[in-house]
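K.L.:
After the structure tokens below, expect a handful of questions from me.
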Amino acid sequence: MLHPVKAKSFFTILFLFGIIYNGFGQKTQFLAGFAPTEQSVTAPEASFRDVVSLNGSWRFYPLGNADQLSRDQIKNPVYPPGNGWETTPVKVPSPWNVNSFATERIAGGDFVTYPSYPKKWEDIQAGWLSRKVTFRKGWAGKRLILRFEGVGGFTQVYLNKKKIAENFDVFLPFEVDVTTLLNQQGENELSLWVADGRLLNQPGKFGNRIFVGGSFWGQHVRGIWQDVDLLVKPAVYVASTYIQPFVDKDTLAIRVTLKNTTTRQRVINLSGSISPWINLAGKSVIEAPEVKWKLGKSVLNVGAKNIIIAPNSDKEVVLKLKVNRRLNQWAPETPNLYGLVISSSYKGSVVDKQYTRFGWRQFLIANKQLELNGKPIQLKGDSWHFMGIPQMTRRYAWAWYSMLKDAKANAVRLHAQPYPAFYLDMADEMGICVLDETALWASDGGPKIDGGEYWKNADAHLQRFILRDRNHPSVFGWSVCNETMAVALNVFNAPDSLVKKQVAQINKWVAITRKLDPTRTWISGDGETNEPTDLPVVIGHYGDENTFRDWSSQGRPWGIGEAGMAYYGTPKQTAEYNGNVSYRSQQGRMQGLATEAIELLNAQKRYHASYLSIFNIVWYSVKPLELGLADTTRKPTPTDGVFFRPYEEGKRGIQPERLGPYTTTLNPGYDPHLPLYKKWALFDAVQRSFADTGAIAESKPTSMPASAPIPPPANAYLMLRSADPDSTMQHVFTEAGFTPGKPEKGKVPLLVIDGIHPPIDAESIKLKDEVLKKEGKVLIWGITPASKEKINTMLPLPVDITERPSTSYLIKEADAIMNNLCDSDLYFSELANEPVGRYGLSGPLVAKGKTILTAANTDWGVWNKQAEYLKTAAVIRSEREAKPDGNTLVFLPAAKGGIYVMAVNPLLMYKSAPGIISKMLTNLGVAPNESAGTAKSLISEEGFLKKALFLGPFETSANLPFEPGSETSGNEKAGVNFIPGEITNGQKWKLADADEESNFSPVAYQDKAQGVGYYSFWVYTPRSLSNLLLEPDMPKVDLDVITNSGINVFLNQKPLGNTYKAMPLEKGWNHVLIETVNAAPGRKMKIKLSSNDKRFLSKQMKVVAYRLY
């Protein structure tokens, strides 16, 4: 407890920083504004312009059946009636479905940021938003312009029930002049119809999304998610200013667009003044991101110029002046900024002022490298997806860029969408170089590349994007797209016509960019290295030494936008760098990634990359933070997290009610008990590399040591006791190559007792006792709540069980049963589709015995192959949150022998890793049969199938066992067992062997003129291959059936269609059924599997003709 005086001082300090912590509970309150925001009308403009923020409480009319609307109904909605509006308002800006962002079956971060919003809103796909706007007296003779900074979804704007505008860009601002539309007497009803853009999807083989959706956030949000303003401007005003700093020519070009909305010609005098922009914000974590500034004394004047502008027209005017060292250059180390104020005068009186901030700097490509102000610069960057509400503030941008500076980085790629403009403002102020990226992100395979609407929307998006951001000095280049070509080629397997279309579009985007911004010569497409294009910069994704060499030799500047396996690497993959350590914790996995990162960055330096990076720093090299959660051993509740002050009507910037734990890796002062960030080993590695211009020392990959060997027992013979009527364990042992039998002379007994179906008959109990007297071992394999009491009748001490599902185990103490095995052998998380064991062991037997195996503290199932936005939080929570005992394998000496009790289900273990049972039994002294069982892979070195099951032939008019176009593998109702000797529709399944030339030609066909036959086999893969977007360079497995018979191919009960390329194999065993049609005598067939990763096919995959269970 704090001393009263000290406590008072402590809480006074916290209050000054806007923080209150309730020590009696978990509630943390942040009293400073969540999102400090620049005003739309700045101080230099305020005498001539005005603004009314339309942020506030908007009424909401949800449409519950939007998915049933036709395309025409979405485009032409029916205005809602007076009743049916929600009593809870939407706090604009915020999407109405905001609370469902980044939520799935697996619990990651708690992204419920508006607890007051009804749960039902999360599923609403379309609706109306509405508020009142009242005309003010001072607006007469002015132009009134609605400005929306960002609306998610297909949007139509209505004023007094009349449609006045339409927008289908999720990220970029749009304006509507409502001067003549506003009712000057009384209130006006401003309404928006917003429909989820996915309702307009056009499903097809080559994508379905017609709108530019970006990645996670952009495809999710529905509603107004950025500020809404009503701007008030003079009748003649400066519509925009584009500042072009040509440092190499010592020339500042200013392109001013003047707008005359009157009915008369005007002669306007334009002049300008340039002054230093001075940041008045404080230095503390709370104060630094706030908007506080002033302009210093003028250092450069823009000469006056008279402009004649016609009525109701726009006119662009170019003003040029020499700088003559009167402006200090902008650079990462010295981010000097200036404010340009353009004054418009009419008949000697100033009628408008317009302010634009800029920096005197120039990024150019010269000599195959990037230069800043005439000097080479190497950029060391980061990138990440936009993660919604936690990132909707300058505070997050400040924290991110501060962390990057700590990491010795100087650049960032704002990835997969246009970020809110304040990210560029903060980069301008802090000296972070920005690769500004569009939302033309194709990595999910969503964009519809065979339709015209998507391309039209893409072109418009790019133009609006460049026009919004081109005045920011921090922007060194434009990233016009991300992985569009890779998806077209490798995921869609698109025809040549669509590939050429994609190339043409990229070239078009390059031309658009050059036209709208001739000041920047860096134009890239992230990961667009598959085909030659007009892109002047090469930015690769996930390459190695060979690809780096190739990309660097193309006569253009090059760099890496994404590298490393931080986002997808499993412990098995990172173990290549640090061995067993990777399997033990997330920290261990991160240590492996750290070693990889140094190697990758060293290689990028060797080939003189202009842009260095790994993917990434802000999300993967630092830890998810437990905001407002003091006790991390329990699951977060709705009362945990950081809470913000009450909502204020008409205030710019988003105002969430709450940030939940684990939703961000950065803490810009929200929780006083947490630092700005917490590092993983990966951060330290990147920091050391970025701090040095040359290569740094690399760690040698760690070997994968097995557990210390224990002298093995004497040769043993295997006995099995089970009360299972299906003899499942017997089948498992048979497939594994072991045959339980009777006592053998000169060998000690090993008795395996089926713990799932334990026998408690007198004979089995007697046998158990005899085995122990003969210095033998008893292995009770498997346990359930239903079998526990029966098992306890066989044990000298009772055992209890806990609910502890797991897919990965760690060796705690050495034992002969684990000889030559290590943690990697007990890691089933990439192999099992369900927990291998559901229970842990506890109680007196565990207390007295030796615990050999425990369930891993880390649940790798919530990391491997999971969504990026949840996996980082999910895996760290799995380590921190309390869980029951996970003791899995315990040994207790008994009589002259000993008893092993193992909680893991042997069948599930065998399904996941067929070899593990063989190793364990061998370690206990049992020799396998000479044949390795049916689990031996049956494909040749060339990939041809050597053995399969065959059924048939059936006459084509006969009652076929499978309906045309469907396969009923494993369907109990159909009663089909794909096992030799089993009968299906009067025919017996038989083993068929391929000849020396790999041809199948069953004897059964020889006396048939024609018929239908079926080949059946199983394919095992340790990972899912059904989603090629989960990670780069995913192996692809193709099936090739070489025959002149008609065939239909089914995979896991589903027809594969006309192509067997990139088979969507699921993790574990997959059933393949090939139906041959009209196979005349003498017809032959070859079945071949091939892969783009030959090692994966030969070392990790298995093919068998049948399985016994």
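The values are calculated or read from the model by the stated rules, or taken from the named source; none is laboratory data. Keep in mind it's a predicted model, so treat the numbers as computed, not measured. Here the Cβ positions follow ideal geometry from the backbone for every residue, glycine too, while neighbour counts run over all protein chains shown.
K.L.:
Please verify whether residue 958 is buried (at least 18 other Cβ atoms within 10 Å of the Cβ) and either part of a loop (DSSP other than H, G, I, E, B) or modelled with pLDDT of 90 or more (or both), treating the condition exactly as stated.
P.N.:
no
K.L.:
Also, I was wondering about something else. Output the residue which, of all residues in region 775-801 that are closer than 20 Å to residue 922 by Cβ and part of a loop (DSSP other than H, G, I, E, B), is farthest from the chain's Cα centre (by Cα).
P.N.:
Taking the candidates together, the pick is 775.
K.L.:
Moving to a separate point now. Give me the residue from region 923-946 that is at pLDDT 90 or above and surrounded by fewer than 19 Cβ atoms within 10 Å (Cβ to Cβ) and, out of that set, nearest to the chain's Cα centre (by Cα).
P.N.:
Within region 923-946, the match that is nearest to the chain's Cα centre (by Cα) is 946.
K.L.:
How about region 33-63: which of its residues are of a type in the set (Phe, Trp, Tyr) and either at pLDDT below 95 or not in a strand (DSSP E or B) (or both)?
P.N.:
Selection gives 34, 48.
K.L.:
Could you tell me whether region 373-381 includes any residue that is surrounded by fewer than 23 Cβ atoms within 10 Å (Cβ to Cβ), at pLDDT below 95 and at positive phi?
P.N.:
Checking region 373-381: not a single residue is surrounded by fewer than 23 Cβ atoms within 10 Å (Cβ to Cβ), at pLDDT below 95 and at positive phi.
K.L.:
Please go through (1) touching a Gly at 6+ places or on another chain (Cβ under 8 Å); (2) under 29 Å from residue 822 (Cα atoms); (3) modelled with pLDDT under 95 for residue 710 and return the number of the only condition it doesn't satisfy.
P.N.:
Going through the list (1) touching a Gly at 6+ places or on another chain (Cβ under 8 Å); (2) under 29 Å from residue 822 (Cα atoms); (3) modelled with pLDDT under 95, residue 710 breaks only (1).
K.L.:
Also, quick follow-up: Criterion first (hydrophobic (A, V, I, L, M, F, W, C), more than 25 Å from the chain's Cα centre (by Cα) and within 22 Å of residue 870 (Cα to Cα)) does residue 615 satisfy it?
P.N.:
Criteria not met by residue 615.
K.L.:
Now a separate question. Going by the structure shown, is residue 492 farther than 30 Å from residue 1063 by Cβ and within 27 Å of the chain's Cα centre (by Cα)?
P.N.:
When the stated conditions are applied, residue 492 does not pass them.
K.L.:
Right, another one. Output the residue which, of all residues in region 1023-1040 that are surrounded by 15 or more Cβ atoms within 10 Å (Cβ to Cβ) and at pLDDT 90 or above, is nearest to residue 564 (Cα to Cα).
P.N.:
1037
K.L.:
In this structure, does residue 634 turn out to be touching an Asp or Glu at 6+ places or on another chain (Cβ under 7 Å) and surrounded by fewer than 19 Cβ atoms within 10 Å (Cβ to Cβ)?
P.N.:
yes
K.L.:
While we're here: Scanning for something in a strand (DSSP E or B), under 29 Å from residue 390 (Cα atoms) and outside the structural domain of residue 774 (by TED's automatic domain parsing), does region 646-656 turn up at least one residue?
P.N.:
no
K.L.:
Can I ask one more? Mind counting the residues in region 737-751 that are in contact with a helix residue (DSSP H, G or I) (Cβ under 8 Å, 6 or more places away or on another chain) and either touching a residue at least 60 places away in the same chain (Cβ under 8 Å) or part of a loop (DSSP other than H, G, I, E, B) (or both)?
P.N.:
Residues flagged as in contact with a helix residue (DSSP H, G or I) (Cβ under 8 Å, 6 or more places away or on another chain) and either touching a residue at least 60 places away in the same chain (Cβ under 8 Å) or part of a loop (DSSP other than H, G, I, E, B) (or both) within region 737-751 amount to 5.
K.L.:
Another question, then. For region 645-704, enumerate the residues that are under 19 Å from residue 109 (Cα atoms), in contact with a Leu (Cβ under 8 Å, 6 or more places away or on another chain) and of a type in the set (Lys, Arg).
P.N.:
The answer is 678, and nothing else.
K.L.:
Only one of 560, 539, 598 is farther than 13 Å from residue 614 by Cβ and either small (Gly, Ala, Ser) or modelled with pLDDT of 95 or more (or both); which?
P.N.:
Going through 560, 539, 598 in turn, the sole match is 539.
K.L.:
Touching a residue at least 24 places away in the same chain (Cβ under 8 Å), touching a Leu at 6+ places or on another chain (Cβ under 7 Å) and buried (at least 23 other Cβ atoms within 10 Å of the Cβ): does that describe residue 888?
P.N.:
When the stated conditions are applied, residue 888 passes them.
K.L.:
Keeping to region 207-221, report how many residues are on the phi > 0 side of the Ramachandran plot and in contact with a Phe, Trp or Tyr (Cβ under 6 Å, 6 or more places away or on another chain).
P.N.:
Looking only at that region, the number is 1.
K.L.:
For residue 144, all conditions in the list (1) of a type outside the set (S, T, N, Q); (2) surrounded by fewer than 21 Cβ atoms within 10 Å (Cβ to Cβ); (3) outside any loop (DSSP other than H, G, I, E, B) hold save one; what is the number of the exception?
P.N.:
Here residue 144 meets the rest and fails (2).
K.L.:
From the list 384, 400, which one is touching a residue at least 60 places away in the same chain (Cβ under 8 Å) and either small (Gly, Ala, Ser) or within 17 Å of residue 285 (Cβ to Cβ) (or both)?
P.N.:
From the options 384, 400, the qualifying one is 400.
K.L.:
Among the acidic types (Asp, Glu), crowded, with 24+ Cβ neighbours inside 10 Å and closer than 20 Å to residue 612 by Cα: which single residue out of 406, 436 fits that description?
P.N.:
436
K.L.:
Scan region 372-401 for residues that are touching a strand residue (DSSP E or B) at 6+ places or on another chain (Cβ under 8 Å) and not in a loop (DSSP other than H, G, I, E, B) and jot them down.
P.N.:
Residues satisfying the conditions are 372, 376, 379, 380, 381, 382, 383, 389, 390, 400, 401.
K.L.:
Could you check region 872-885 and list, in sequence order, the residues that are in a helix (DSSP H, G or I) and either assigned by TED's automatic domain parsing to the domain that holds residue 108 or surrounded by fewer than 21 Cβ atoms within 10 Å (Cβ to Cβ) (or both)?
P.N.:
Result: 878, 879, 880.
K.L.:
A further question on this structure: Looking only at region 173-213, which residues are part of a strand (DSSP E or B) and loosely packed, with under 15 Cβ neighbours inside 10 Å?
P.N.:
Residues satisfying the conditions are 175, 187.
K.L.:
Of the residues 875, 901, 862, only one is over 21 Å from residue 1023 (Cα atoms) and touching a residue at least 40 places away in the same chain (Cβ under 8 Å); which?
P.N.:
Exactly one residue qualifies, and that residue is 901.
K.L.:
Show the residue pairs that are 6+ apart or on different chains and have beta-carbon atoms under 7 Å apart, the first residue being within region 573-597 and free of Cβ contacts under 8 Å to residues at least 60 places away in the same chain, the second being of a type in the set (D, E, K, R).
P.N.:
As it stands, the answer is 574/589; 582/589, since those pairs meet every condition given.
K.L.:
Separate question: Among the residues of region 1002-1022, are any modelled with pLDDT under 85, assigned to a loop (DSSP other than H, G, I, E, B), under 28 Å from residue 1100 (Cβ atoms) and touching a Gly at 6+ places or on another chain (Cβ under 9 Å)?
P.N.:
Within region 1002-1022, one or more residues are modelled with pLDDT under 85, assigned to a loop (DSSP other than H, G, I, E, B), under 28 Å from residue 1100 (Cβ atoms) and touching a Gly at 6+ places or on another chain (Cβ under 9 Å).
K.L.:
Quick test for you: out of 327, 364, 340, pick the one residue that is in a strand (DSSP E or B), at pLDDT 95 or above and more than 22 Å from residue 233 (Cα to Cα).
P.N.:
Exactly one of 327, 364, 340 is in a strand (DSSP E or B), at pLDDT 95 or above and more than 22 Å from residue 233 (Cα to Cα), namely 364.
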